[in-house]
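The values are calculated or read from the model by the stated rules, or taken from the named source; none is laboratory data. All values reported here derive from a predicted model rather than from experimental measurement. Positions of Cβ are backbone-derived with ideal geometry, glycine not excepted, and every protein chain shown enters the neighbour counts. The area values use the complete protein model at the heavy-atom level, side chains included, leaving out ligands, DNA and RNA. Shrake-Rupley method; radii C 1.70, N 1.55, O 1.52, S 1.80 Å.
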Amino acid sequence: MKDFKIWMNGKLVTQAEAVLPVNSAAVFYATNVFEGIRAYWNEAEGELYCFRLAEHFARFRESMKMMRFTVPYQDLDLYDAVRDMLRGNEVREDVHMHLVGYVAGPGLDATSPSGLYINPRRRARVEGGNGLKACVSSWQRTHDNAIPIRLKCGANYQNGRLATLQAKADGYDSPIFLNQQGTVAEGTGATFFMVRRGKLVTPPVTSDILESITRTTLIESLGPNLGMDVVEREIARTELYVADEAFFCGSGYEITPIVSIDRFPVGDGKVGPITQRLSTAYMNVVRGIDQRFPEWRTPVYKPVTV
Ligand SMILES: Cc1ncc(COP(=O)(O)O)c(C=O)c1O
């Protein structure tokens with residue numbers, strides 16, 4: 001299987017050629033902002049669809065704003081860069097990519113020069129078809145006044161790394177973070193949802209979470225389409241133990257069921273029916289099998305006006 005090339009500042013280069021200086025803020029302080037985006041291969045149409053690029057680009061700009069740097073590309077350039085990269089690699093399979101804006105200058109307060117790369121990779125679905133065994137982490141989600149999780153920067157993921165390694169050392173698959181108020185925040189790289197008393201419930205955007213694009217997709221469209229009431233509210237820790245269903249969602253995680261939390265079975269300890277239906281609905285939309293919401297799917301091979 002050949003390695004994909006990386007789009008870096010306007011050129012397709014090999015993995016070995018895509019290098020940054022060790023004294024750059026990007027390498028030393030992880031001064032970067034990024035998006036994790038998936039593109040899905042639709043076999044029947046012979047087309048590759050990128051999911052919700054407009055929303056990823058908007059969030060990318062918000063992250064850069066908070067980090068006080070910009071990259072010298074407009075959104076139209078980003079559409080072209082993503083499509084050029086996928087075409088240049090002749091991608092005809094599902095692919096995950098990191099779109100990364102970085103600061104190449106040295107120093108903690110460096111804001112320039114900045115650059116951009118898009119790194120595609122084959123990424124399997126998160127292990128957890130049969131459901132994850134999650135735990136409430138003893139590590140807290142970083143607070144908005146410390147390192148805001150709304151800001152999608154590489155450095156933030158050290159919080160998730162600590163919690164993931166702890167969860168695995170303790171025999172779980174994945175941690176769930178509480179915030180400093182002690183209510184549920186999210187997973188390491190995913191939004192948390194539960195089903196309780198027939199409603200889909202997820203923490204609000206003020207609970208120290210990333211403003212997830214998958215979360216919006218479920219709240220505004222896929223949940224209501226399945227006839228579900230969706231509620232954004234704080235979730236107390238003990239509600240996790242009596243939830244009927246629970247799952248993580250995200251561009252990377254898609255819809256990944258959770259079957260136990262702190263060894264309490266979620267519902268009957270099997271993947272719940274609502275989770276299953278949402279997962280099927282989500283996968284059909286992202287791949288374009290369900291042809292509604294065409295504005296969410298940017299085709300790579302056919303001409304497109306954005
Ligand atoms: C910390 C965190 N929360 C939630 C999510 C889910 O966000 P999205 O649905 O936009 O991929 C991600 C994934 O990017 C994440 O890294």
query: modelled with pLDDT of 95 or more and within 16 Å of the chain's Cα centre (by Cα) - does that describe any residue in region 224-246?
result: no
field: Exclusive hit being open to solvent by 30 Å² or more (accessible area, probe 1.4 Å), within 18 Å of the chain's Cα centre (by Cα), at pLDDT 95 or above and within 15 Å of the ligand (Cβ to nearest atom), set Glu35, Glu62
entry: Glu62
field: Test result for Val205, assigned to a strand (DSSP E or B) and either touching a helix residue (DSSP H, G or I) at 6+ places or on another chain (Cβ under 7 Å) or in the same structural domain as Asp144 (by TED's automatic domain parsing) (or both)
entry: no
task: Please determine, by comparing only the residues of region 222-256 that are touching a Ser or Thr at 6+ places or on another chain (Cβ under 9 Å) and away from the ligand (no atom under 16 Å from the Cβ), which one is least open to solvent (accessible area, probe 1.4 Å).
output: Glu245
query: For the subset of region 125-165 comprising residues that are within 16 Å of the ligand (Cβ to nearest atom) and small (Gly, Ala, Ser), which member is surrounded by the most Cβ atoms within 10 Å (Cβ to Cβ)?
result: Ala134
- request: Could you check how many residues of region 194-221 are within 14 Å of the ligand (Cβ to nearest atom), in contact (Cβ under 8 Å) with a residue 60 or more places away in the chain and within 25 Å of Asn284 (Cα to Cα)?
  value: 8
- prompt: Considering Leu210, Leu200, which residue is part of a loop (DSSP other than H, G, I, E, B) and either open to solvent by less than 30 Å² (accessible area, probe 1.4 Å) or of a type in the set (Phe, Trp, Tyr) (or both)?
  reply: Leu210
query: Restricting attention to region 72-104, which residues are over 29 Å from Val126 (Cα atoms) and either assigned to a helix (DSSP H, G or I) or open to solvent by 10 Å² or more (accessible area, probe 1.4 Å) (or both)?
result: Pro72, Tyr73, Gln74, Asp75, Leu76, Asp77, Ala104
message: Of the conditions (1) within 23 Å of Arg92 (Cα to Cα); (2) assigned to a helix (DSSP H, G or I); (3) hydrophobic (A, V, I, L, M, F, W, C), Leu222 satisfies every one except a single condition; which number is it?
response: (1)
Test for Gln291: is it free of Cβ contacts under 8 Å to residues at least 60 places away in the same chain and in a helix (DSSP H, G or I): no
- prompt: Residues in region 294-306 that are within 14 Å of Ala39 (Cα to Cα), of a type in the set (Val, Ile, Thr) and assigned to a loop (DSSP other than H, G, I, E, B): how many?
  reply: 1
